[in-house]
1. For Glu117, indicate whether it is in the same structural domain as Gln142 (by TED's automatic domain parsing), outside any loop (DSSP other than H, G, I, E, B) and exposed (fewer than 14 other Cβ atoms within 10 Å of the Cβ).
2. Restrict the check to the range 45-58 and report whether at least one residue is at pLDDT below 95, out of contact with any helix residue (DSSP H, G or I) (no Cβ under 9 Å at 6 or more places or on another chain), under 25 Å from Phe103 (Cβ atoms) and not assigned by TED's automatic domain parsing to the domain that holds Arg137.
3. Out of the residues in the range 74-92 that are in a helix (DSSP H, G or I) and within 10 Å of the chain's Cα centre (by Cα), state the one that is farthest from Thr38 (Cα to Cα).
4. With the condition kept exactly as written, say whether any residue in the range 141-158 is in contact (Cβ under 8 Å) with a residue 40 or more places away in the chain, surrounded by fewer than 18 Cβ atoms within 10 Å (Cβ to Cβ) and within 18 Å of Cys62 (Cβ to Cβ).
5. Only one of Gly123, Gly102, Gly107 is touching a strand residue (DSSP E or B) at 6+ places or on another chain (Cβ under 7 Å) and of a type in the set (Gly, Ala, Ser). Can you tell me which?
6. Condition first: out of contact with any helix residue (DSSP H, G or I) (no Cβ under 6 Å at 6 or more places or on another chain), touching a residue at least 24 places away in the same chain (Cβ under 8 Å) and in a loop (DSSP other than H, G, I, E, B). Now tell me which residues in the range 96-107 satisfy that.
7. Quick check on the range 48-56. Is at least one of its residues of a type outside the set (Gly, Ala, Ser) and farther than 25 Å from Gln158 by Cα?
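The values are calculated or read from the model by the stated rules, or taken from the named source; none is laboratory data. Computed from a prediction, not measured in an experiment: that's the story for all the values here. Methodologically, a virtual Cβ is constructed for each residue, glycine included, from the backbone with ideal geometry; neighbour enumeration extends over all protein chains shown.
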Amino acid sequence: MSEHTVEVTVNGVAYTATVDARTTLVDFLRAELGLTGTHVGCEHGVCGVCTVLVDGKATRSCLMLAVQADGLRITTVEGLAEAEGLHPIQEAFAEEHGLQCGFCTPGFLMATHELLEANPDPGDDEIRDVLGGQLCRCTGYQSILRSVHLAASKTRAQRAADAHA
């Protein structure tokens, strides 16, 4: 067994840990750090439920080894919430019923976050393209599409308020 020391920043907190070279990032986040909001699904990078942000980019954490994250910034679904409450993306998904059983929700939230950072006002086609790699068996996707549009509106409003503060 080959062990390595990794230093990562997860949700703004610095961690140093010794991990087996074969430990996936999702397993590290869940087992070592106790951040169970990132779910384990297919373990082949197909379903998207394990999506986290690695240095701001949506990444399938089941396909990345923890040692590959050494020195990087990771944001999990737990890191989206703000001191004042839920992130606008989380609020929008709740308001538009973009979640049902909740299993796929963390992946959708993280992919939506990356999308809205790149384009604060995406159209339907762009949303469908970006979220096409996220699988949901409950919602039929229409409520998710509405959720992303509402999240975009809420995020734009928050950015405007922050700019004037």
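1. Details: in the same structural domain as Gln142 (by TED's automatic domain parsing): yes; outside any loop (DSSP other than H, G, I, E, B): yes; exposed (fewer than 14 other Cβ atoms within 10 Å of the Cβ): yes.
Yes; evaluated as a whole, the condition is true for this residue.
2. yes
3. Residues of the range 74-92 in a helix (DSSP H, G or I): 77-79, 88-92.
Narrowing further to those that are within 10 Å of the chain's Cα centre (by Cα): 77-79.
Numbers: Val77: 7, Glu78: 8, Gly79: 11 Å.
Going through the qualifying residues, I end up with Gly79.
4. Checked the range 141-158: no residue is in contact (Cβ under 8 Å) with a residue 40 or more places away in the chain, surrounded by fewer than 18 Cβ atoms within 10 Å (Cβ to Cβ) and within 18 Å of Cys62 (Cβ to Cβ).
5. Working: Gly123 fails: touching a strand residue (DSSP E or B) at 6+ places or on another chain (Cβ under 7 Å); Gly102 fails: touching a strand residue (DSSP E or B) at 6+ places or on another chain (Cβ under 7 Å).
None of the other options fit; the residue is Gly107.
6. Residues of the range 96-107 out of contact with any helix residue (DSSP H, G or I) (no Cβ under 6 Å at 6 or more places or on another chain): 100-105, 107.
Applying the additional criterion that residues be touching a residue at least 24 places away in the same chain (Cβ under 8 Å) yields 100-101, 103-105, 107.
Answer for the range 96-107, where residues must be out of contact with any helix residue (DSSP H, G or I) (no Cβ under 6 Å at 6 or more places or on another chain), touching a residue at least 24 places away in the same chain (Cβ under 8 Å) and in a loop (DSSP other than H, G, I, E, B): Gln100, Cys101, Phe103, Cys104.
7. From the range 48-56, those of a type outside the set (Gly, Ala, Ser) are 49-55; that's our starting set.
Adding the requirement that they be farther than 25 Å from Gln158 by Cα leaves 49-50.
Checked against the condition, which is being of a type outside the set (Gly, Ala, Ser) and farther than 25 Å from Gln158 by Cα, the range 48-56 yields at least one hit.
Residue by residue, here is whether (1) within 12 Å of the chain's Cα centre (by Cα); (2) more than 28 Å from Gly34 (Cα to Cα); (3) assigned to a helix (DSSP H, G or I) holds:
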{"position": "Leu53", "(1), (2), (3)": "yes, no, no"}
{"position": "Gln68", "(1), (2), (3)": "no, no, yes"}
{"position": "Ala94", "(1), (2), (3)": "no, no, yes"}
{"position": "Leu109", "(1), (2), (3)": "yes, no, yes"}
{"position": "Gly133", "(1), (2), (3)": "no, no, no"}
{"position": "Cys136", "(1), (2), (3)": "no, no, no"}
{"position": "Leu150", "(1), (2), (3)": "no, yes, yes"}
